[in-house]
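*Asks:* Have a look at this one.
The values are calculated or read from the model by the stated rules, or taken from the named source; none is laboratory data. Please read these numbers as outputs of a predicted model, since none were measured by experiment. Positions of Cβ are generated from backbone atoms using ideal geometry, with glycine treated the same way; all protein chains shown enter the neighbour counts.
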Amino acid sequence: MPRGAVALFKPWPPAVSAPMRRRGKMEAVRTCVGCRSRAQRSSLLRVVAQESQIVVDPSATLPGRGAWLHPTFECLDKAQNRRAFGRALRVEGTLDTAAIRSHLTREQAEEAVTSHE
Ligand SMILES: [Zn+2]
């Protein structure tokens with residue numbers, strides 16, 4: 001019998017992986033304040049209010065109440081039109097979303113650059 005043939009009969013992957021697969025990757029799900037649909041945390045952008053300005057929190061580490069948003073202008077506009085940020089972040093009055101806008105602009109510019117390469 002040639003060397004290595006034995007390897008074919010090894011049970012792989014081990015049985016351990018079955019329950020891991022079922023439980024594993026239980027990624028947190030958040031609701032987008034723009035379109036109100038649920039999405040995985042990693043596909044949404046976290047924003048927090050600082051004074052009357054919204055700042056983006058791409059690493060989701062800033063303290064305080066956060067709102068989650070698809071990183072698209074569409075969802076940003078929806079959220080803004082419905083004043084969803086104020087409600088989600090418990091802030092009264094108008095919130096300045098310029099920081100989100102410039103963040104999205106920057107991201108989309110980067111995407112455009114990479115897709116042309
Ligand atoms: Zn959305």
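*Asks:* For region 81-106: of the residues being within 15 Å of the ligand (Cβ to nearest atom) and part of a loop (DSSP other than H, G, I, E, B), which is farthest from Val29 (Cα to Cα)?
*Replies:* Ranking the candidates gives Thr97 first.
*Asks:* While we're on this one: Give the residues of region 38-61 that are among the polar types (S, T, N, Q), without any contact (Cβ under 8 Å) to a residue 24 or more places away in the chain and within 13 Å of the ligand (Cβ to nearest atom), sorted by residue number. Before you say what the answer is, go through the steps one by one.
*Replies:* Narrowing region 38-61 to residues among the polar types (S, T, N, Q): 40, 42-43, 50, 52-53, 59, 61.
Now restrict to residues that are without any contact (Cβ under 8 Å) to a residue 24 or more places away in the chain: 40, 42, 50, 59, 61.
Residue satisfying the conditions is Gln40 alone.
*Asks:* While we're looking at this one, here's another question. Are any of the residues in region 72-80 within 16 Å of the ligand (Cβ to nearest atom), more than 18 Å from Gln108 (Cβ to Cβ) and either assigned to a strand (DSSP E or B) or in contact with a Lys or Arg (Cβ under 8 Å, 6 or more places away or on another chain) (or both)?
*Replies:* Kept after step one, since they are within 16 Å of the ligand (Cβ to nearest atom), are these residues of region 72-80: 72-80.
Subset that is more than 18 Å from Gln108 (Cβ to Cβ): none.
There is no residue in region 72-80 that is within 16 Å of the ligand (Cβ to nearest atom), more than 18 Å from Gln108 (Cβ to Cβ) and either assigned to a strand (DSSP E or B) or in contact with a Lys or Arg (Cβ under 8 Å, 6 or more places away or on another chain) (or both).
*Asks:* Can you tell me which residue among Ser115, Ser102 is surrounded by fewer than 13 Cβ atoms within 10 Å (Cβ to Cβ) and modelled with pLDDT of 95 or more?
*Replies:* Numbers: Ser115 fails: modelled with pLDDT of 95 or more.
None of the other options fit; the residue is Ser102.
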